[in-house]
């Protein structure tokens, strides 16, 4: 009887874990969402330059990021509740991929920039939403709240997504890289990977050049007073781009054959997402009417962002085709069977 009681308590604790993760993730989003809402309503909280957040580029950026935050909160809840397992696969996978692409660069660059600035005897300067130029008009505590929140959100979503994946599609990437023969589109995948390699090489070379202190190709508004933090951001972007390319090469070449398939799939997921989603967002900010980059030589920078976005998108599509052919028996459809109260246990038993 005592053993059964202990087992029941352990099961209840395990069942509650996803809910704890999901709601903790949502809680981590609230400070950022509160700041964005205040700015959109005309407040200058955390802003040294009155009226800065009422300018067109920042209004556009704040609207986009506030919408993303609300979507992220809904996603976090969907990943840990029973109704989330009945949502069509693409409605879970696409926003999660976008979230991964936007949060991964922050999760990598923020701790590294803090460490680099600390070792250099300075203070991390932070950056804009695009991560490429400092906002002198913001107070320091804003960066602390925003970036610590991003790190917590990214970690929470990653854990919730892992639990959701294991329960809903537990066998989707089981096995090794070489456990499945090439499919009908393998030749196209090879050509696509070569194209991704060329675009990624360009992006990595330029980003590493900027990380080393070079300024050619940067808008004047970004090059002026460029801090160590922005250089770390460029180096991190280059590292994530290379990670995605390496994962794609491993998947398409099916070498090394004994490598667990989840490793390159994760690399492509994060690397391609960071390239495409972060690049696309920065490009939107660059092209927004009244952008400070607009009249300061941002053409070359825009072209790089376009190449970065295209490379990430092409890598993601190639990876998706590879998975569809490598695992034809796995269907990315919504589940009709009712899961347990947390929505992340019984779904796995369906084998979909």
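The values are calculated or read from the model by the stated rules, or taken from the named source; none is laboratory data. It should be emphasised that the depicted structure is a prediction, and the values quoted were computed from it without experimental measurement. Methodologically, a virtual Cβ is constructed for each residue, glycine included, from the backbone with ideal geometry; neighbour enumeration extends over all protein chains shown.
Residue pairs whose Cβ atoms lie under 8 Å apart, sitting 6 or more positions apart in sequence or on different chains, and linking a residue in the range 266-293 that is at positive phi and modelled with pLDDT of 95 or more to a partner that is part of a helix (DSSP H, G or I) and surrounded by 22 or more Cβ atoms within 10 Å (Cβ to Cβ), do not occur here. Applying the criterion of being touching a residue at least 12 places away in the same chain (Cβ under 8 Å) and surrounded by fewer than 20 Cβ atoms within 10 Å (Cβ to Cβ) to the residues of the range 27-46, the residue that is farthest from residue 144 (Cα to Cα) is 42. Under the condition of being over 17 Å from the mean Cα position of the chain (by Cα) and over 22 Å from residue 291 (Cβ atoms), the residues counted in the range 23-75 number 12. Has the range 179-195 got at least one residue that is under 18 Å from residue 246 (Cα atoms), in contact with a helix residue (DSSP H, G or I) (Cβ under 7 Å, 6 or more places away or on another chain) and without any contact (Cβ under 8 Å) to a residue 60 or more places away in the chain? No, that holds for no residue. Within the range 197-222, if we keep just the residues that are closer than 16 Å to residue 306 by Cβ and assigned to a loop (DSSP other than H, G, I, E, B), the residue that is modelled with the lowest pLDDT turns out to be 219. The condition of being in contact (Cβ under 8 Å) with a residue 24 or more places away in the chain, under 18 Å from the mean Cα position of the chain (by Cα) and surrounded by fewer than 23 Cβ atoms within 10 Å (Cβ to Cβ) holds for residue 247.
Exactly one residue among 104, 124 is at pLDDT 95 or above and either outside any helix (DSSP H, G or I) or touching a helix residue (DSSP H, G or I) at 6+ places or on another chain (Cβ under 6 Å) (or both), and that residue is 104.
Checking the range 26-40 against the condition returns a match, with at least one residue being touching a strand residue (DSSP E or B) at 6+ places or on another chain (Cβ under 8 Å) and at pLDDT 95 or above.
Within the range 47-58, restricting attention to residues that are out of contact with any helix residue (DSSP H, G or I) (no Cβ under 7 Å at 6 or more places or on another chain) and free of Cβ contacts under 8 Å to residues at least 24 places away in the same chain, which residue is surrounded by the fewest Cβ atoms within 10 Å (Cβ to Cβ)? Going through the qualifying residues, I end up with 50.
The residue that is modelled with the highest pLDDT, among those in the range 294-306 that are exposed (fewer than 15 other Cβ atoms within 10 Å of the Cβ) and either assigned to a helix (DSSP H, G or I) or touching a strand residue (DSSP E or B) at 6+ places or on another chain (Cβ under 9 Å) (or both), is 303.
Kindly evaluate residue 198 against the criterion of being touching a helix residue (DSSP H, G or I) at 6+ places or on another chain (Cβ under 6 Å), farther than 14 Å from residue 104 by Cβ and surrounded by fewer than 19 Cβ atoms within 10 Å (Cβ to Cβ). No.
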